[in-house]
Amino acid sequence: MRKEVKVQILESISAQLQEYPNFYIVDIAGLNAEQTSKLRRECFERNIILSVVKNTFFHKAVLATGNEDMAAICPALEGPTAIMYTTVANAPAKLIKKCQDADMPKPVLKAAYLVESGAYLGAEHLNTLVNIKSREEMIADIVLMLQQAAGQKIAGLLKTIEEKKSEE
């Protein structure tokens, strides 16, 4: 491979890492064409970019970021590797879990890097990653808590007003 091509590949990977702050390293080797097509379709529907990469290129791109937390995923770069880039931190984990629940052998989580919480090495972290709340889920929880708190305050005020009226 010519040096210019290698530079272009590294630049492409670096651009993906800058655009998508969260990524999962997975093994999809052994999937047949139908399974691969289904996985790619589901990734597309969830705004996940699935990309097969050479370990050495991805390793160099990660090290070039200078991010030590991100570099912690490098030991997972062995064997067949695909990267799931995403802006929603738990989306790939939910997809991987869904595939496992459907008795699909792959993808298998090798590692993940989430900008908010750092690196996760190994498939044993899948449930933790599934349960991480996305930004939208956290906002929805906060809004719900504020609504409940406001409702309680209004109910308390109405009760106080009713008590004062009954005293008069």
What nm distance separates the two modelled labels at Gln35 and Ala140, each placed 7 Å from Cα along Cα→Cβ? 3.1 nm
Charge dipole magnitude, Cβ of K and R +1, D and E -1 - the chain, Cα centre, debye nearest 20: 560 debye
Label points 7 Å out from Cα along the Cβ direction at Ala15 and Ser166: separation in nm? 7.0 nm
Neighbour net charge for Arg40 - beta-carbon separation under 14 angstrom, K R +1, D E -1: +1
Excluding Pro92 itself, calculate the net charge of residues whose Cβ lies under 11 Å from the Cβ of Pro92, where each Lys or Arg counts +1 and each Asp or Glu counts -1. +3
Rounded to whole Å, √(5λ) for the Cα gyration tensor eigenvalues of the chain, largest first, gives 45, 19, 13
Towards the positive end of the charge dipole of the stretch 12-168, with charges on Cβ (+1 Lys, Arg; -1 Asp, Glu), say which of Thr160, Val88, Leu63 has the farthest Cα. Leu63
Under a straight-distance cross-link criterion of Cα-Cα below 24 Å, which lysines are reachable from Lys153, leaving out those fewer than 8 residues away in the same chain? Lys164, Lys165
With the dipole of the chain defined by +1 on each Lys or Arg Cβ and -1 on each Asp or Glu Cβ, the option from Leu17, Val53, Ala149 whose Cα lies farthest towards the positive pole is Val53
Just Glu136, Glu78, Glu11 to compare: in a GNM of the chain, with alpha carbon springs under 10 Å, which one fluctuates most? Glu136
For the stretch 44-50, Karplus couplings with θ = phi - 60° (6.51, -1.76, 1.60), whole Hz, Gly/Pro x: 4, 5, 9, 6, 10, 9, 9
Which trypsin sites (Lys or Arg not before Pro) does the stretch 62-164 hold that lie in a coil by DSSP with at most 16 other beta carbons within 10 Å? Lys133
Rounded to the nearest percent, how much of the accessible area of the chain (1.4 Å probe, protein heavy atoms only) is carbon and sulfur? 55 percent
Efficiency of FRET from Cβ geometry, Lys133 and Met104, R₀ 22 Å, rounded to 0.05: 0.30
Rounding to the nearest 20 debye, state how big the charge dipole of the stretch 46-121 is about its Cα centre with +1 on each Lys and Arg Cβ and -1 on each Asp and Glu Cβ. 260 debye
Show me 79-92, 119-132, 28-41 ranked by packing, highest mean number of other Cβ atoms within 10 Å first. 79-92, 119-132, 28-41
Counting only residues 5 or more places away or on other chains, whose amide H sits under 5 Å from the amide H of Thr81 once H atoms are built in the peptide plane? Val53
What distance in nm separates the two pseudo spin-label positions at Val7 and Lys60, each 7 Å out from Cα along the beta-carbon direction? 1.1 nm
Can you tell me the 0 to 90 degree angle between the C-alpha axis of helix 135-167 and the longest principal axis of the chain, rounded to 10? 0 degrees
Taking the alpha-carbon distance from Lys94 and a cut-off under 26 Å, which lysines remain once sequence neighbours fewer than 8 residues away in the same chain are dropped? Lys38, Lys54, Lys106, Lys110, Lys133
Accessible area per residue, Å², the stretch 1-154 with all protein chains present, probe 1.4 Å: 58 Å²
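The values are calculated or read from the model by the stated rules, or taken from the named source; none is laboratory data. The model shown is predicted, which means the values in this text are computed figures rather than measured ones. Because the Cβ atoms are built from the backbone with ideal geometry, glycine has one as well, and the counts that use them run over all protein chains shown. For accessibility, only protein heavy atoms count, side chains too; no ligands or nucleic acids. Shrake-Rupley method; radii C 1.70, N 1.55, O 1.52, S 1.80 Å.
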